[in-house]
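The values are calculated or read from the model by the stated rules, or taken from the named source; none is laboratory data. Keep in mind it's a predicted model, so treat the numbers as computed, not measured. Every residue, glycine as well, gets a Cβ built from its backbone with ideal geometry; the counts of neighbours run over all protein chains shown. Areas reflect the complete protein model, heavy atoms only, side chains present, ligands, DNA and RNA absent. Shrake-Rupley method; radii C 1.70, N 1.55, O 1.52, S 1.80 Å.
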Amino acid sequence: MKDLKTIRGMPDLYDEDIERIVLVENTCLEVFKSFNYKEFRTPVIENKSLFQRSAGETSDIVQKEVYEFEDRNGEMLCLRPEGTAGLVRALITNGLTSEEIKKLFYIGPMFRYERPQKGRKRQFFQAGVELVGEGTSKSDVEVLLIAKTILEKLGVEYCLEINYLGGEKSLDSYRAYLREFLQANKACFDEKLYTRLQRNPVRAIDSKDEKIKEVIKDAKDITNFLNEDEKIAFAETIEALDMLQVEYTINTNLVRGMDYYTGTVFEFTVDSLGAQNAVIGGGRYDNLIEELGGKKLPAIGFALGIDRLSEIIAIENKNNDIFIGCAEVKSIKYAQYISNKLRLNNGDLVIESYLGNANVSKQLKKANSLGFKFVIIIGQEEQNTKIFKVKNLKEEKELSLNEKELMEFFNG
Ligand code: HAM
């Protein structure tokens, strides 16, 4: 039945997959909060024109990857392919564009119509930060430290690649140079590819296409087109990273997929991921807020691919505490009463109230296989005597406790 299939590239998430995703999300949340970033939620649907104006009309995202649709009112909307443009839109819409430095984060689903493969989905989750209102190496360093802290907390080995793209003037002269360079090599490309490259020549620099790579390797890199101020700004960021002992590689081919980037750009990559090896991507976008109709405010941010990262982290065995079984079905009500008291007594405990009708030995096996540390079986006797046998499955010990002792025993 076609209508019961999941949409390609949009898997249902359950069992270990969702546990891994939640672990990455929680780690991001912890780190964002420890840097005093505040959450910002924007809708998953925006006007398509927002991404045409931000990511760029010629970007792959807008050209090929946006899930777009007309609503009942004839407006052209889309599922957001990324979080930055929506957040900038929201700052402007809500009049939040004072000069004051803003430190914001978001977590949520994004949608791109890409060819699904390992590490690449059509619905995926991003956690991102945007630091708005500060335009120097100080904010470059802060967002890089946030990204690095998350990866280190998750025990992931990574490489940080960094580059500097320069402002509109420098980028324009680089584009003009590349257009000429591509024209001189026109014979190497078919007509369609040549037209695409001429439209967005900077993207040729980090293309994975072998034909393009072969030609573009002889082109000059962006550093030749930066002005003195831009060279100094990049040098300051690099100096700060050195002082903080952050390891990095300068990759002059790193240009990123969206047109809004202006200064520092970066990616954190992980070897074990294969072709889709970027787990975090970001950079500075000092013109975007003004271009979308707000004040001229510098900004920098990144987004982390939660799904991609979740595929490579190790998760610990579950920490389950008490399995409360029942000697006979009619004791379940009392067992639920005891379970509830234990949960109220200590909200950190993971307590399973058994609701099935298997015999006690099967219940013990189940508790063992689910990794519970303690089992308490409740029957008529426990209900009458109010004495409970607490079996420690890990140490194969048993204790008899009255209700008060039971609560004290599990109170941390
Ligand atoms: P991005 O590089 O397009 O940047 O995406 C960031 C991360 O999202 C990637 O490094 C990757 O881990 C993950 N990702 C992207 N596409 C997919 C996909 N199809 N499936 C799974 N994971 C994916 C941005 O989105 C910018 N908004 C980042 C930014 C924030 N720049 C400044 N502020």
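Label positions at Glu75 and Lys217, each projected 7 Å from the Cα along the C-beta direction, are separated by 5.0 nm. Before I look further, what does the chain give for accessible area per residue, probe 1.4 Å, in whole square angstrom? Roughly 53 Å² per residue, with all protein chains present. Between the listed residues Ile300, Ile232, Val44, the Cα displaced farthest toward the positive end of the dipole of the chain, a dipole computed from Cβ unit charges relative to the Cα centre, is found at Val44. Applying 1/(1 + (r/R0)^6) with R0 = 30 Å to the Cβ-Cβ distance of Ser400 and Ile18 gives a FRET efficiency near 0.20.
Taking each residue as 0.36 nm, the span from Asp190 to Ala235 lengthens on full extension beyond its C-alpha to C-alpha distance by 12.3 nm.
Between Arg120 and Ile7, full extension at 0.36 nm per residue minus the direct alpha carbon distance yields a gain of 39.3 nm.
Quote the FRET efficiency, to the nearest 0.05, computed for Leu29 versus Leu96 with a Förster distance R0 of 22 Å and r equal to the Cβ-Cβ distance. It comes to 0.50. Net charge dipole, the chain: roughly 1360 debye, given to the nearest 20, about the Cα centre with Cβ charges of +1 for Lys and Arg and -1 for Asp and Glu. Sorting 341-351, 125-135, 66-76 by average packing, meaning the other beta carbons within 10 Å per residue, from highest down gives 125-135, 341-351, 66-76. Note on the chain: dipole from Cβ charges, positive end direction compared against Asn384, Pro201, Gly257; the farthest Cα belongs to Asn384. Residues considered: Tyr158, Tyr354, Tyr14. Largest GNM mean-square fluctuation over the chain, using C-alpha springs under 10 Å, is found at Tyr354. Across the chain, the fraction of Cα-Cα pairs farther apart than 39 Å, rounded to a whole number, is 36%.
Largest mean-square fluctuation among Ile162, Ile150, Ile377, in a Gaussian network model of the chain whose springs join Cα atoms under 10 Å apart, belongs to Ile377.
List the residues of the stretch 62-105 whose backbone N lies under 13 Å from a point placed 7 Å from the Cα of Lys295 along the Cα-to-Cβ direction. Only 92, 95-102 fall inside the zone, counting backbone N under 13 Å. Solvent-accessible area assigned to carbon and sulfur over the chain amounts to 48 percent, based on a 1.4 Å probe. Under 5 Å from the amide H of Gly257 lies no amide H of any residue 5 or more positions distant or on a separate chain, with H modelled from the backbone and absent for Pro and chain starts.
The mean sequence separation of alpha-carbon pairs under 8 Å and at least six residues apart, normalised by the residue count of the stretch 320-409, gives a relative contact order of 32 percent.
As a length-normalised measure over Cα pairs under 8 Å and 6 or more apart, the relative contact order of the chain settles at 16 percent. On the basis of the beta-carbon distance and an R0 of 45 Å, Met243 and Gln63 show a calculated FRET efficiency of 0.65.
Here the 3J(HN,Hα) profile of the stretch 397-412, calculated from phi with Karplus coefficients 6.51, -1.76 and 1.60 at θ = phi - 60°, is 10, 9, 10, 9, 10, 7, 4, 5, 5, 4, 5, 5, 4, 9, 8, x Hz, Gly and Pro shown as x. Pairs from the table (Lys33/Lys404; Lys103/Lys318; Lys102/Lys153; Lys102/Lys208; Lys5/Lys373; Lys330/Lys373) lying more than 27 angstrom apart at Cα are Lys33/Lys404; Lys103/Lys318; Lys102/Lys208; Lys5/Lys373. Using a Gaussian network model of the chain in which every pair of alpha carbons under 10 angstrom is joined by a spring, one finds that among Ala55, Ala278, Ala235 the greatest mean-square fluctuation is at Ala235.
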